[in-house]
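> Next up is a structure, given as structure tokens.
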Amino acid sequence: MTTITERYELAKAKYAEIGVDTEAALQKLQQVKISMHCWQGDDVKGFLTPDGELTGGIMSTGNYPGAAHTPAQLRADLEKAYSLIPGKHKLNLHAIYLDTDEAVDLDQIEPKHFEKWVTWAKEQGLGLDFNPTFFSHPMMKDGFTLSHPDKAVRDYWIEHGKRSRKIAEYFGKELGETCYTNFWVPDGFKDNPIDRLSPRKRLMESLDEIFAEEIDEQYNVDTVESKLFGLGAEAYTVGSHEFYMGYGLTRNKAILLDAGHFHPTEVISNKLSSLALFSKKNLMLHVSRPVRWDSDHVVIMDDELQDIAKELVRNDLLEKTAIGLDFFDATINRVAAWVIGTRNTQKALLKAMLEPTDQLKEMENSFDFTSRLAYTEELKDFPYGDVWNYFCEQNGVPVGLDWLKEVRAYEENVLTER
């Protein structure tokens, strides 16, 4: 039987015929850190309240057994997922995932409420990213937070935003790795509004107040995320793409693009090159999979995922882009969802890295569209899977479907006992 190494050597030789160095590609992939989202593990409930009850803004469907109910359970599930994913990565935390015995509200959170996460991240060799939570809370009044007409409501959420940035700064200092702090605000109207301007003005002013304090970007980088519509905000979202494009570019903030936050036929891959030209900051992505709407399905190896990876690699944007994931599915094993989504994102990047990019650009620049088409089509049949399997083996993680056996054993021994 041909070994994984032998198959890799054959693939290496085949790629070399078109000028691709697989060793260089693997070294490059090894350096890419994916920010895996914590909220897949417990269906976006968090630990702010004992029952984790949602009060609007986010919903995960399904009742697959084994959801995490405590921070310790969530960390155990994350450890299992990371053990099946090649490389060292990051964890993306939402504010509602604090770990403390103290009764504390979102406008009172402090670094001390996340110390256990930092200790764990150090033990695991992981970086942390952060998100203030502008949903699932009674102070989300009438579907609004930072853009609410009531100043008391806005002030509550402004304080939450300020404290979130200090927590992110703490993460960055403790872990020696920049924390990306993402602001997504779901404010909007269910039906057609009369005044579209005033809520956006209030959101702009609220964000300005949150960001008034300068924080060293060695520790914290602020990002802002748009959305077309959401549950209860089908007609109008205050934080639209145009709003955050303007805000990010004029306030020198990183702009985050979520693959599910646009029109059903609109893709983020085609936006990356434009943003890269005008934004002085790094970009950030939430790689997700919308099905007809922002439904946050687990990332699969579809055309858009591969196009996102190609844009990042072909335009040398990897070092300028922070890659995070954002999906939640409670109809399947939650650990498996993490593994499938993260490994697929890595696979897509590897496929892009295994292209003869310089040659393809030369063909295009000389208007040799015949060769360009021939190469891009033939590359679809090249043995990238053998290179991927070798990458997994070199990183000491399961190859092929072997990871699923470990997830099934974990489900039987741990998840079903909850």
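> Could you tell me whether Pro193 is touching a residue at least 12 places away in the same chain (Cβ under 8 Å), of a type outside the set (S, T, N, Q), in a helix (DSSP H, G or I) and within 15 Å of Ser240 (Cα to Cα)?
Working: touching a residue at least 12 places away in the same chain (Cβ under 8 Å): yes; of a type outside the set (S, T, N, Q): yes; in a helix (DSSP H, G or I): no; within 15 Å of Ser240 (Cα to Cα): yes.
When the stated conditions are applied, Pro193 does not pass them.
> Tell me, which helices (runs of 4 or more DSSP H) lie completely within the range 303-418 with 1 or more residues that are in contact with a Lys or Arg (Cβ under 8 Å, 6 or more places away or on another chain) and of a type in the set (Ser, Thr, Tyr)? Break it down stepwise before answering.
Numbers: elements: 303-314, 334-353, 357-365, 369-378, 384-394, 402-413.
Once the helices (runs of 4 or more DSSP H) in the range 303-418 are filtered for at least 1 residues that are in contact with a Lys or Arg (Cβ under 8 Å, 6 or more places away or on another chain) and of a type in the set (Ser, Thr, Tyr), what remains is 357-365, 384-394, 402-413.
Quick grid of which residues meet (1) touching a residue at least 24 places away in the same chain (Cβ under 8 Å); (2) among the charged types (D, E, K, R); (3) assigned to a loop (DSSP other than H, G, I, E, B):
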| position | (1), (2), (3) |
| --- | --- |
| Pro65 | yes, no, yes |
| Leu93 | yes, no, no |
| Asp101 | no, yes, yes |
| Gln108 | yes, no, yes |
| His137 | yes, no, yes |
| Leu146 | yes, no, yes |
| Arg165 | yes, yes, no |
| Tyr170 | yes, no, no |
| Glu174 | yes, yes, no |
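> Quick one: how many residues across the range 46-68 are charged (D, E, K, R) and either modelled with pLDDT of 95 or more or crowded, with 19+ Cβ neighbours inside 10 Å (or both)? I'd like the intermediate steps shown before the answer.
Step one: filter the range 46-68 for residues charged (D, E, K, R), giving 51, 53.
Retained after the next criterion (residues that are either modelled with pLDDT of 95 or more or crowded, with 19+ Cβ neighbours inside 10 Å (or both)): none.
Residues in the range 46-68 being charged (D, E, K, R) and either modelled with pLDDT of 95 or more or crowded, with 19+ Cβ neighbours inside 10 Å (or both): 0 in total.
> Continuing with the same structure: Name the residue, out of Asp101, Asp21, that is under 27 Å from Lys173 (Cβ atoms) and acidic (Asp, Glu).
Values: Asp21 fails: under 27 Å from Lys173 (Cβ atoms).
Just a single option satisfies the conditions, and that option is Asp101.
> Specify the residue that is nearest to His148 (Cα to Cα); the eligible residues are those in the range 214-246 that are surrounded by fewer than 22 Cβ atoms within 10 Å (Cβ to Cβ) and among the aromatic types (Phe, Trp, Tyr).
Once the filter is applied, the top-ranked residue is Tyr236.
> Sticking with this structure for a sec: Only one of Asp155, Asp216, Asp187, Asp208 is among the acidic types (Asp, Glu) and more than 25 Å from the chain's Cα centre (by Cα); which?
On the way: Asp216 fails: more than 25 Å from the chain's Cα centre (by Cα); Asp187 fails: more than 25 Å from the chain's Cα centre (by Cα); Asp208 fails: more than 25 Å from the chain's Cα centre (by Cα).
None of the others qualify; the one that does is Asp155.
> Shifting gears a bit: Checking the condition of a type in the set (Asp, Glu) and buried (at least 16 other Cβ atoms within 10 Å of the Cβ), which residue from Asp21, Asp101, Asp43 passes? Outline the logic, then answer.
Values: Asp21 fails: buried (at least 16 other Cβ atoms within 10 Å of the Cβ); Asp101 fails: buried (at least 16 other Cβ atoms within 10 Å of the Cβ).
After applying the criteria, what remains is Asp43.
The values are calculated or read from the model by the stated rules, or taken from the named source; none is laboratory data. In this text the structure is predicted, and so the values were computed from the model without any measurement. With ideal geometry, Cβ positions are generated from the backbone for all residues, glycine too; neighbour counts draw on all protein chains shown.
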